1. Taking region 94-144, which residues are free of Cβ contacts under 8 Å to residues at least 60 places away in the same chain, under 16 Å from the mean Cα position of the chain (by Cα), part of a helix (DSSP H, G or I) and crowded, with 18+ Cβ neighbours inside 10 Å?
2. Counting only residues that are assigned to a helix (DSSP H, G or I) and in contact (Cβ under 8 Å) with a residue 40 or more places away in the chain, which one in region 177-186 is farthest from Y239 (Cα to Cα)?
3. Output the residue which, of all residues in region 206-217 that are in a loop (DSSP other than H, G, I, E, B) and buried (at least 18 other Cβ atoms within 10 Å of the Cβ), is nearest to the chain's Cα centre (by Cα).
4. On the given criteria, is E231 more than 18 Å from G79 (Cβ to Cβ) and either outside any loop (DSSP other than H, G, I, E, B) or touching a Ser or Thr at 6+ places or on another chain (Cβ under 6 Å) (or both)?
5. Report yes if G72 is at pLDDT below 95 and either buried (at least 20 other Cβ atoms within 10 Å of the Cβ) or of a type in the set (G, A, S) (or both), otherwise no.
6. Name the single residue that is surrounded by the fewest Cβ atoms within 10 Å (Cβ to Cβ) among those in region 161-193 being at pLDDT 95 or above and hydroxyl-bearing (S, T, Y).
Amino acid sequence: METITFEEMVYLPFEDEYKIASQVPENMDTISFSGTDIQKRIRSGKKVPDWASFPDVIQELQKSYPPPSKQGFTIFCTGLSGAGKSTIANLLYSKFLEIGTRPVTLLDGDIVRRNLSSELNFSKEHRDINVQRIGFVASEITKNRGIAICAPIAPYEKTRARIRESIEAYGGFFEVHVCTPISECEKRDRKGMYAKARAGLLKGFTGVDDPYEDPSNPELKINTTDLTPDEAAQEVLLYISRKGYI
């Protein structure tokens, strides 16, 4: 069996024609759009130039890769216990229910523990499995063009990166690092979990004897020390709106 190759084609804007890239002189202006480039433009809601593809092809691609306003997306709030993740997530959940353009699901850490991960303990391995399950459910919701709002501690960067990759294949992913400092989180600790961890009565507690790895490049960083919950939720909504999802 002989393989037939197809050479790269480029567009010559001044000549208004296509040519095989290897046949174009080096000093001639060209434009090139790969299939991936076209998909990215469609998914981001940008116009695809008329020269880049046939109109019928663009129409079919638009069905598979809708613009942001018709895509599903995930808001992934991560941070220390007591940082304010659940409060922000609950407010966002209410806001999106009011908007009413997509089905919305809240995947808070405690909710998932009760309903999806009740058999897991709080070992490092099991906590990571719990976060991975949250990511899987969020990816399914996003794939079906809904909204998933997640609020686990999710302390490990590698796990969060895998979740981002799986979700961005289907829609939007917004990592919100609720970066409230641990001193403030401890002040809010009504259950005394930090105190127990400091006293050695609780092992593997994130921020005390187990590390929290700060997100390397989150979409948003929110410190709730001097922000009201409504102000924090509004920052998230404004960012998503600027990206064209609402």
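The values are calculated or read from the model by the stated rules, or taken from the named source; none is laboratory data. Remember, predicted model here, so these are calculated numbers, not experimental data. Reconstructed Cβ throughout: ideal geometry from the backbone, glycine too, with neighbour counts over all protein chains shown.
1. Answer for region 94-144, where residues must be free of Cβ contacts under 8 Å to residues at least 60 places away in the same chain, under 16 Å from the mean Cα position of the chain (by Cα), part of a helix (DSSP H, G or I) and crowded, with 18+ Cβ neighbours inside 10 Å: V131, I134, G135.
2. Within region 177-186, the first condition is being assigned to a helix (DSSP H, G or I), and the residues that meet it are 182-186.
Checking the rest, the ones that are also in contact (Cβ under 8 Å) with a residue 40 or more places away in the chain come to 182, 184-186.
Numbers: I182: 25, E184: 25, C185: 25, E186: 29 Å.
If we take residues in region 177-186 being assigned to a helix (DSSP H, G or I) and in contact (Cβ under 8 Å) with a residue 40 or more places away in the chain, then E186 is farthest from Y239 (Cα to Cα).
3. Narrowing region 206-217 to residues in a loop (DSSP other than H, G, I, E, B): 207-209, 211-217.
Adding the requirement that they be buried (at least 18 other Cβ atoms within 10 Å of the Cβ) leaves 207-208, 212, 215.
Details: G207: 23, V208: 27, Y212: 19, P215: 12 Å.
The qualifying residue nearest to the chain's Cα centre (by Cα) is P215.
4. Details: more than 18 Å from G79 (Cβ to Cβ): no; either outside any loop (DSSP other than H, G, I, E, B) or touching a Ser or Thr at 6+ places or on another chain (Cβ under 6 Å) (or both): yes.
Against the criterion (more than 18 Å from G79 (Cβ to Cβ) and either outside any loop (DSSP other than H, G, I, E, B) or touching a Ser or Thr at 6+ places or on another chain (Cβ under 6 Å) (or both)), E231 does not qualify.
5. Details: at pLDDT below 95: no; either buried (at least 20 other Cβ atoms within 10 Å of the Cβ) or of a type in the set (G, A, S) (or both): yes.
For G72, the condition - at pLDDT below 95 and either buried (at least 20 other Cβ atoms within 10 Å of the Cβ) or of a type in the set (G, A, S) (or both) - is not met.
6. S183
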